[in-house]
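One structure below.
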Amino acid sequence: MKTSLRFVIPLITIGTLAIAKDPELPANYRSWQHVKSMVIPDKQHGLYGFHHVYVEPKALKALQAGKGYPEGAQFAVPFYDVKEEGGATHAGELRMVVTMKRDKAQKETGGWLFSAFDGEGKPKTLDVKTGCFTCHEAKKDREYVFTEWAPK
């Protein structure tokens with residue numbers, strides 16, 4: 001079964017959900033702390049790809065504690081094609097980048113603004129309620145963040 005993600009980019013307020021009119025991909029996200037990589041090799045899976053998780057410096061302490069994210073704290077996760085060559089699996093072409101930004105005005109999504117960008121950095125449409133938050137709700141005890149700090 002093919003799972004598709006439909007992306008509606010959340011600053012226009014609709015009820016308790018704010019919608020970002022022109023979201024911006026943080027240009028420097030790759031200089032943030034890299035905290036995790038994972039791969040979902042099934043092309044039929046809605047989250048297919050090789051993922052790297054980056055956390056903004058002001059969010060790092062909260063990630064280590066598992067809670068306490070300050071307003072404006074951000075995560076960025078680029079999704080790459082899965083490439084297998086010479087017996088190794090690694091990241092191929094950039095498919096998209098998704099972001100989570102702490103914004104307590106986002107009542108319907110646990111105080112997070114979710115955004116998505118294509119491989120060229122252009123905003124994608126994102127239905128934040130079904131495309132993001134329904135899965136993130138399972139991590140309410142960690143302020144809706146899946147990534148956990150794994151000390152070296």
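In nm, to one decimal, how far is the Arg95 label point from the Lys67 one, both placed 7 Å along Cα→Cβ?
3.4 nm
Please sort by residue number the chymotrypsin sites (Phe, Trp or Tyr not before Pro) in segment 28-108 whose DSSP state is loop and whose Cβ has at most 11 other Cβ atoms within 10 Å.
Filter output for segment 28-108: empty list.
Once amide H atoms are built 1.01 Å from N in the peptide plane, which residues 5 or more positions from Val82, or in another chain, come under 5 Å H to H?
For Val82, whose amide H was placed from the backbone, the distant partners under 5 Å are Phe50, Gly92.
At 0.36 nm per residue, and after removing the present C-alpha to C-alpha distance, how many nm does the segment from Trp149 to Ser37 gain when stretched out fully?
Additional length available on full extension: 39.1 nm.
Can you tell which of Val82, Thr125, Phe114 lies farthest toward the positive end of the dipole of segment 68-152, using +1 and -1 charges on the Cβ of basic and acidic side chains (Lys, Arg; Asp, Glu)?
Positive-end residue among those listed: Phe114.
Values quoted throughout were computed directly from the atomic coordinates according to the rules given, and no laboratory measurement underlies them. Every value quoted in this text rests on a predicted model; they were computed, and no experiment measured them. Cβ: placed from backbone, ideal geometry, glycine included. Neighbour counts: every protein chain shown.
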